[in-house]
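Here's the structure, in C-alpha cells; my notes come after.
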Amino acid sequence: MRLLEYAFYGYLFSFLLAVIFFLIDRKKKRLLQTHEKISILVSCYNDGESIALTIKSIYEAYPSEHFQLIVANDKSTDNSFAQLQQLQKHYGFTLIDNEHNLWKSETLNAISELALYEHLLILDADVIIQKKHLHDMLARMQANPKVAAVSCAYVPHNTGFFPIMQDMEYVMLTLIQGSYNTFGAIALRGGCFIVKKSLFTQVGKFSPRVMTEDMDLAFKLNNVGYKVEQAFHRVSTFVPETLKTRYKQKIRRNSGGAHCFIKYPQIWLRNPLHLIMIMSFNILMVSMLFQAIQSYDLFVIIFTQEHIRQAFRIVFNLKRWLNLLFVKTSFSLLSLPYVLPLLNIFPFAKQRKNLWKILLIIPYSIIYIPMYTYVGIIGLATGIWNYKRLEKIWKKGGRAW
C-alpha cells in the first residue's frame, strides 16, 4: 500500500506539472513568418492503401512552389509502386525505386542527399498532413534557432477498439511531450517531423542499427545541445487494429527506448517527468486490476455453503463496498483527462451524443493500460537483454528486426 501511495502522489504531482508546462508552452504565440522552402522525404513499403491519401494531403497542405517531394519505393510487394507511378505523372514529384529493400532508415538517409532545402519533412506513407501541422512545426523552428526538429503527435485515422484505446494513449503522451517543450522534448514521433538538414547530417543522420530511429535521432540532437519539440496539432495516421500487431509494435518501441536509455542515460536523467508520470500511472492502473481480481473472493464465499454467514456479513459490509468502489472509481477517473478530447462536446448542446465515450475510461484503465504496462515491461526487458546480441548481429551485416 505504501508503494501505491507513492505512485498516486507521484502521478498527481507529475500530472499537474505536465499540465502547467503544457499550458505555458501553448500560451506562446508563434506565427509562421515566411513559407520556408522544404524538402519532403517519404519512404514507401507496402503502403498501397494509404500512399495516395498521403501524397494528396501534402499538395493540399503547402504551396507546391515551396517544397520538393521525394518518394522512394522500398521494394514494395503490393501495388504501391504502380500507384506511385500514376501519382508521379499527376503531381510531378521525384520517384525513386530501390533495387533492394533498404528499410526505412537507410532509404531516408539515401534520398536526403537529393534534398535541396535546409528543412527536411520526414513523413510516413500512411500519414495525412494538413496546413496547420506544417505551420506549427515551421513556426516553432523560426521562433527558436536552438530547435533542431519538431514532430507531430498522432490521432488514429482508422476505427475500432484498439485504435480508440491508442487514441487515449496518444492524448496522454501528447500532454507529456507538449509539457517538455518548455525545456526540450526527449523524443520525436517518426511519422511526421521536420529537422534541419545540416544538423541531421551533423549527428550522422538516422542510425540504421537501432530499433527506433526517430527516438535515437532525438537523443542525438539533444546530446549535441539542441532542442526537439512537439507541435500542438495531431496528424492522422493508420494504427494497428489487432492485438498481435499492436503487441509487436509496442515490443519494438520499448526495446528501442531501452537501447536509447543505455546509450544516452544523461538525456533521460535531465527529463525525469516522463519517467515519473508514466511509471506511477502504470503502477496505479495495474493495482486496479489486482483490486478487481481480489473482489472475486466475495463470489467464492457466497457460493460456498459453509460460509453463508460470512457471505452475508460481507454483503452488508457497506464500508468494504464503498472502499472498493472508491478505489476503482478513483483509479478510473485518473484516465478521464485522456478521454475528454475524444468527446467533441463543445458546443455541449450539439454534441451530447458523444458523452457515452466517457465510459471508455473503464476498458482503458482496467484492460488496456494494464496490458500496455505488462507488454511495455517485456519490451524494456527484451531491449536490455538483446542489446549486446543485436550489436553482434549488426556487425555481421544482419538486421535486428
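Please list, in order along segment 143-156, the HN-Hα scalar couplings obtained from phi with the Karplus expression 6.51 cos²θ - 1.76 cosθ + 1.60 (θ = phi - 60°), rounded to whole Hz, x for Gly and Pro.
6, 9, x, 7, 7, 8, 7, 9, 10, 10, 6, 10, 10, x
Could you give the length gained by full extension between T94 and K28, i.e. 0.36 nm per residue of separation minus their alpha carbon distance, to one decimal place?
Values: separation 66, 0.36 × 66 = 23.76 nm, distance 3.71 nm.
Taking T94 through K28 to full extension adds about 20.0 nm, to one decimal.
Take peptides 23-32, 207-216 and line them up by average Cβ neighbours within 10 Å, highest first, as a rough protection proxy.
207-216, 23-32
Among DSSP beta bridges lying fully in segment 10-242, give the percent that are antiparallel, nearest 5. Could the numbers behind the result be given before it?
On the way: 10 of 34 bridges.
Roughly 30 percent of the DSSP beta bridges within segment 10-242 come out antiparallel.
Do any of K196/K250; K220/K263; K75/K248; K37/K131; K205/K227 go past 18 Å between their Cα atoms, and which? Let's see the in-between values first.
Numbers: K196/K250 28 Å; K220/K263 10 Å; K75/K248 22 Å; K37/K131 14 Å; K205/K227 16 Å.
Long pairs (Cα-Cα over 18 Å): K196/K250; K75/K248.
Run the dipole for segment 10-242 about the Cα centre, Lys and Arg Cβ at +1, Asp and Glu Cβ at -1, nothing else charged, and hand back the magnitude in debye, nearest 20.
Taking the Cα centre of segment 10-242 as origin, the dipole is about 1080 debye.
Taking every alpha carbon pair in segment 81-149, what does the distance histogram look like in 10 angstrom bins from 0, in percent?
So the P(r) values, bin by bin, are 14, 40, 35, 10, 0.
Among I366, I194, rank each residue by its count of other Cβ atoms within 10 Å, from fewest to most, as a rough exposure measure.
Ranking I366, I194 by Cβ neighbours within 10 Å, fewest first, gives I366, I194.
Rank-order 36-43, 369-376 by packing density, defined as the average count of other C-beta atoms within 10 Å over each peptide's residues, highest first.
36-43, 369-376
Report the normalised scattering of segment 10-242 as log10 I(q)/I(0) at q = 0.10, 0.11, 0.12, 0.16 Å⁻¹, calculated by the Debye formula with identical scatterers on the alpha carbons.
-0.45, -0.54, -0.65, -1.17
None of the figures in this text is laboratory data; all of them are computed from the coordinates on show. If you're wondering where the values come from, they're calculated on a predicted model, not measured in any experiment. Reconstructed Cβ throughout: ideal geometry from the backbone, glycine too, with neighbour counts over all protein chains shown.
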